[in-house]
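J.: So that we are looking at the same thing, I have put the structure below in structure tokens.
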Amino acid sequence: MKILVTVKEVATVEDEFEIEGTAIADQYLGEDLNEWDDYAIEEAVQLQENGVADEVVTVTIGPEDCEQTIRQALAKGADRAIRVWDDALEGVDLLDVGAKRSILQEVIAAEDPDLVLTGVQSGDDSWGATGVSLAEELDYEWAAVVNHLEHDLDDGIAAVRRELEGGVEELTDVELPAVLSIQTGINEPRYASLRGIRQAQRKPLDVQTLGDLGVDESAVEGAVTLTDMYEPESESDVTVWEGSADETASELGELLRDKGVAP
Amino acid sequence: MSDVLAITDHRRGELRDVSYEIITAGRELADETGGDLHLAVISGTVDDFAEKLDREGVDAIHTVSDGEEFNHGVYTQATTQLYDELAPQYVLIPNSVNGLDYAPAVANGLDLPIVTDVVGVETDGETLTATREMYGGKVETTNDLEGPAVVTIRSAEWPQAEGTGDASIESFDADIDEDDLGSTVNGFEEVAGGDVDISEADVLVSVGRGIEEEDNIPIIEELADALDATVSSSRPIVDNGWLPKNRQVGQSGKVVTPDVYIAIGISGAVQHVAGMKGSDTIVAINTDPNAPIMDIADYAIHDDLFDVVPALTEEFQ
Ligand SMILES: Cc1cc2nc3c(=O)[nH]c(=O)nc-3n(C[C@H](O)[C@H](O)[C@H](O)COP(=O)(O)OP(=O)(O)OC[C@H]3O[C@@H](n4cnc5c(N)ncnc54)[C@H](O)[C@@H]3O)c2cc1C
């Protein structure tokens, strides 16, 4: 069985930042492997260790800069990586669900995996919709927000739990091939070992352009246009206590006594 | 092509609150397009649901009686067929866990764009402008798209529709292709049980990722002991296995309404806030003065928890 994991390097934002146009100014941005994808990678690697999967391939859409982040997945045990990038993607400030889908679908069609694992969402733009779109497009089955997967995958069925609201889980059988969007907490993502990190340097990382994949450049435009970005207006009338930790702690202590909830 | 179709959400025999909120959002949008608001309720005791959903502002309710509980295949097929029949301009779907399990499939199958988790939406009849957050709520964005679209709406952003309406209630005869249903729901399980019920606590000392390491959790427990309070947490703490699941506050954990909720090193992501915004008094201890938790906090300390928490514990020892 072959598993494909979609991974993304997400932008992280410092506490203090400035917005330029429709983006956060570069100097306030950092990068990280998307939290949800880390769990998806771990799940795939465990399926491989358990002898269920033969190959784990990752795919990402991102510039050369993100290779270090992508290699983290290889260091944790994925076998090879595909990175899609193209001049046409340079400077695009928003890839909507349709745009991501039209790129990733070609990779999946070419790789023909039995199981695709995505994160529930990416931490930066949080569309939470790419996995299910891909499934629909490719005629795969799917399940969103999966926090447990039985590893036998017998009879072409993935038995999963979907994490619903309010501490309720749904027990569902999903026919393979399928796309599962993986929720945090499904496993304990490992740290890459030094050996893994060394090995990752030698694992294949294949770069493909839109042309290579046969994706029309116009697809990256998407249907959704980002028109503005701003800090949300705070509706709060929060009282901020200033001073040393001792001072602020005693303000809070006083509040608790006033409310009659302190011992 | 100016109507709005909104799909409602229910689980285990109960309509979920977002079903009444989506009426409000849908009505606003339909007023802007000059069209009708159609609701659909799919699977389960649809006639009973339809009666409850007949609130002010709804023009028509379509019931699809196939299935008992949510199945994304049934929802996808039924919604797609309703779209073909009614030709609405916009399809609204709750941005719930189940909404995210079929809305993208509906959009993709119909070749429509999708915007998810919107907190505001308006249209001039042609261009839809959707407001949504990015970077865990640090910024808001506006996003434009032309023509028909699928939009998923965040829960608790619109008030619930009230009153009694006079919608026409019609059964919609969906043609569900059973062979195309590739997933089967076998049941549900309540997790997060156990010895402690954080929703009963008067004071919650709630810890988030700002605590950095499992080894630091005791400073939170010491504070809770000193205050005679109960420890709860945000999700990453439970995901990491540092506290049991029954301590998790939020969308997928517990909803709590204590007298005082002390959020320590918690950013205030929407899924967390969903579980604690009803607290009487909210205190946030966070180094980031812009953290979204500040929007709902009553009191805040913009300082390092590793300084403030021990100082507070000392106050009460
Ligand atoms: C489908 C779904 C369901 C979810 N359900 C839930 C749920 O039920 N409950 C939940 O909580 N989350 C839930 N989440 C996750 C949610 O989106 C956030 O990822 C999570 O709430 C973040 O937790 P946090 O605030 O502890 O961590 P972070 O967002 O990382 O915030 C840490 C905070 O600590 C502050 N900090 C750091 N160091 C210090 C210090 N030394 N002193 C003081 N402050 C410091 C930082 O400024 C930051 O604000 C869900 C997500 C999804 C997609």
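The values are calculated or read from the model by the stated rules, or taken from the named source; none is laboratory data. In this text, all values refer to a predicted model and were calculated from it rather than measured experimentally. Using ideal geometry, Cβ is built from the backbone for each residue, glycine included, and neighbour counts are taken over all protein chains shown.
J.: Looking for whichever is within 15 Å of the chain's Cα centre (by Cα) and surrounded by fewer than 24 Cβ atoms within 10 Å (Cβ to Cβ) here; the options are A:Thr60, A:Thr69, A:Thr130. Which one fits?
T.: A:Thr69
J.: Turning to a different aspect of this structure: Restricting the stretch A:98-131 to residues that are of a type in the set (S, T, N, Q) and in contact (Cβ under 8 Å) with a residue 60 or more places away in the chain, which is nearest to the ligand (Cβ to nearest atom)?
T.: A:Gln121
J.: Could you check the stretch A:247-263 and list, in sequence order, the residues that are facing chain B (nearest Cβ under 7 Å), assigned to a helix (DSSP H, G or I) and either exposed (fewer than 13 other Cβ atoms within 10 Å of the Cβ) or out of contact with any helix residue (DSSP H, G or I) (no Cβ under 8 Å at 6 or more places or on another chain) (or both)?
T.: Hit for the stretch A:247-263 is A:Leu255, nothing else.
J.: Out of A:Glu188, A:Glu141, I need the residue that is at the interface with another protein chain (Cβ under 8 Å from one of its Cβ atoms), under 20 Å from the mean Cα position of the chain (by Cα), more than 16 Å from the ligand (Cβ to nearest atom) and surrounded by fewer than 20 Cβ atoms within 10 Å (Cβ to Cβ). Which one?
T.: Among A:Glu188, A:Glu141, only A:Glu188 is at the interface with another protein chain (Cβ under 8 Å from one of its Cβ atoms), under 20 Å from the mean Cα position of the chain (by Cα), more than 16 Å from the ligand (Cβ to nearest atom) and surrounded by fewer than 20 Cβ atoms within 10 Å (Cβ to Cβ).
J.: Another question about this same structure. Do the conditions hold for B:Ile264, that is, is it on the phi < 0 side of the Ramachandran plot, surrounded by 24 or more Cβ atoms within 10 Å (Cβ to Cβ) and either more than 9 Å from the ligand (Cβ to nearest atom) or of a type in the set (D, E, K, R) (or both)?
T.: No.
J.: Related question: For the stretch B:152-199, how many residues meet the condition of being outside any strand (DSSP E or B), touching a residue at least 12 places away in the same chain (Cβ under 8 Å) and closer than 30 Å to A:Asp173 by Cα?
T.: 14
J.: Now for a different question. Modelled with pLDDT of 95 or more, near the ligand (Cβ under 8 Å from one of its atoms), closer than 27 Å to A:Thr12 by Cβ and part of a loop (DSSP other than H, G, I, E, B): which single residue out of B:Gly275, B:Gly210 fits that description?
T.: B:Gly275
J.: Let me ask something else. Could you tell me whether any residue of the stretch B:219-237 is at the interface with another protein chain (Cβ under 8 Å from one of its Cβ atoms), among the β-branched types (Val, Ile, Thr) and surrounded by 20 or more Cβ atoms within 10 Å (Cβ to Cβ)?
T.: no
J.: Also: Among the residues of the stretch B:56-69, is there at least one that is assigned to a loop (DSSP other than H, G, I, E, B) and buried (at least 23 other Cβ atoms within 10 Å of the Cβ)? Let's see the steps before the verdict.
T.: Taking the stretch B:56-69 and keeping what is assigned to a loop (DSSP other than H, G, I, E, B), we get B:56-59, B:65-69.
Filter once more, so that each one left must be buried (at least 23 other Cβ atoms within 10 Å of the Cβ): B:58.
Within the stretch B:56-69, one or more residues are assigned to a loop (DSSP other than H, G, I, E, B) and buried (at least 23 other Cβ atoms within 10 Å of the Cβ).
J.: Quick check on this structure: which one of B:Gln271, B:Gln317 is out of contact with any strand residue (DSSP E or B) (no Cβ under 8 Å at 6 or more places or on another chain), of a type outside the set (Gly, Ala, Ser), more than 8 Å from chain A (Cβ to nearest Cβ) and under 25 Å from A:Pro189 (Cβ atoms)?
T.: When all the criteria are applied, what remains is B:Gln271.
J.: Could I ask something else about it? If I ask for residues that are touching a residue at least 12 places away in the same chain (Cβ under 8 Å), acidic (Asp, Glu) and more than 9 Å from chain B (Cβ to nearest Cβ), which ones from the stretch A:16-42 would you list?
T.: Within the stretch A:16-42, A:Glu31, A:Asp32, A:Asp37, A:Asp38, A:Glu42 meet the criteria.
J.: Here is a further query. Step by step: first the residues of the stretch B:174-201, then only those that are aliphatic (A, V, I, L, M) and more than 24 Å from the chain's Cα centre (by Cα), then the one that is surrounded by the most Cβ atoms within 10 Å (Cβ to Cβ). Which residue is that?
T.: Here the residue is B:Ala174.
J.: Just to be sure I understand, how many residues within the stretch B:279-295 are part of a loop (DSSP other than H, G, I, E, B), at pLDDT 95 or above and more than 6 Å from the ligand (Cβ to nearest atom)?
T.: 2
J.: Run A:Ser244 past the list (1) under 30 Å from B:Val308 (Cα atoms); (2) facing chain B (nearest Cβ under 7 Å); (3) surrounded by fewer than 18 Cβ atoms within 10 Å (Cβ to Cβ) and report the number of the one that doesn't hold.
T.: (2) is the only condition that A:Ser244 fails.
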